[in-house]
Amino acid sequence: MNAIPISLCSVFIQIWVDTDALHEGSTDGVYLVDSRVEVGIHEGTPNLTTTVSQSTYICWQIANIDPGSSTTLSIQSIGNAPVWGASGQPFFAEGESWTGQAQNAGSSTYQVIFNAEPKQGMGVTTIIFPTIFVT
């Protein structure tokens, strides 16, 4: 399946990571924000709830809070959720971006798995569980 072009997205979810605070199995240093601040819940936490309308295209991006850090961040997967519908499952788009579509009304918690790979040493895999509410 091909990813949705980023240019079609109207909602953006960013995962900001303080790689100095990130530890194996911990979400310390992980902050999610979205472009729906007027209807977002838990903004700035790993438990962000984003509210969108049906058929909305969504883009996820990951960034290191420290632009001078040599740690590379990458989203490995965005899990299945009933709100994605038959063909809205998020896929890798380009760079560090993933895109998908909210096709079904309802509320779903979904899984995002990302990796933090330092230039030297062991990488850290982190799992977060944000929520999408589709009206």
(message) What's the number of the only condition in (1) assigned to a loop (DSSP other than H, G, I, E, B); (2) surrounded by 17 or more Cβ atoms within 10 Å (Cβ to Cβ) that GLY100 fails to meet?
(response) (1)
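Restricting to the stretch 76-97, and then to whatever is in a strand (DSSP E or B) and not hydroxyl-bearing (Ser, Thr, Tyr), can you tell me which residue is surrounded by the most Cβ atoms within 10 Å (Cβ to Cβ)? Spell out how you get there, then give the answer.
Step one: list which residues in the stretch 76-97 are in a strand (DSSP E or B), which gives 76-78, 91-94, 97.
Subset that is not hydroxyl-bearing (Ser, Thr, Tyr): 76, 78, 91-94.
On the way: GLN76: 13, ILE78: 23, PHE91: 14, PHE92: 16, ALA93: 20, GLU94: 10.
Here the answer is ILE78.
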(message) Any residue at all in the stretch 89-108 that's under 21 Å from GLY29 (Cα atoms) and in contact with a Gly (Cβ under 7 Å, 6 or more places away or on another chain)?
(response) no
(request) With respect to SER55, determine if the residue is over 17 Å from ILE113 (Cβ atoms), out of contact with any helix residue (DSSP H, G or I) (no Cβ under 6 Å at 6 or more places or on another chain), touching a residue at least 24 places away in the same chain (Cβ under 8 Å) and not hydrophobic (A, V, I, L, M, F, W, C). (result) yes
(message) Restricting to the stretch 20-55, name every residue that is more than 16 Å from the chain's Cα centre (by Cα) and of a type in the set (Val, Ile, Thr).
(response) VAL39
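Each value in this text was obtained by applying a stated rule to the coordinates, not by laboratory testing. Not measured: the values here are computed from a predicted model. Methodologically, a virtual Cβ is constructed for each residue, glycine included, from the backbone with ideal geometry; neighbour enumeration extends over all protein chains shown.
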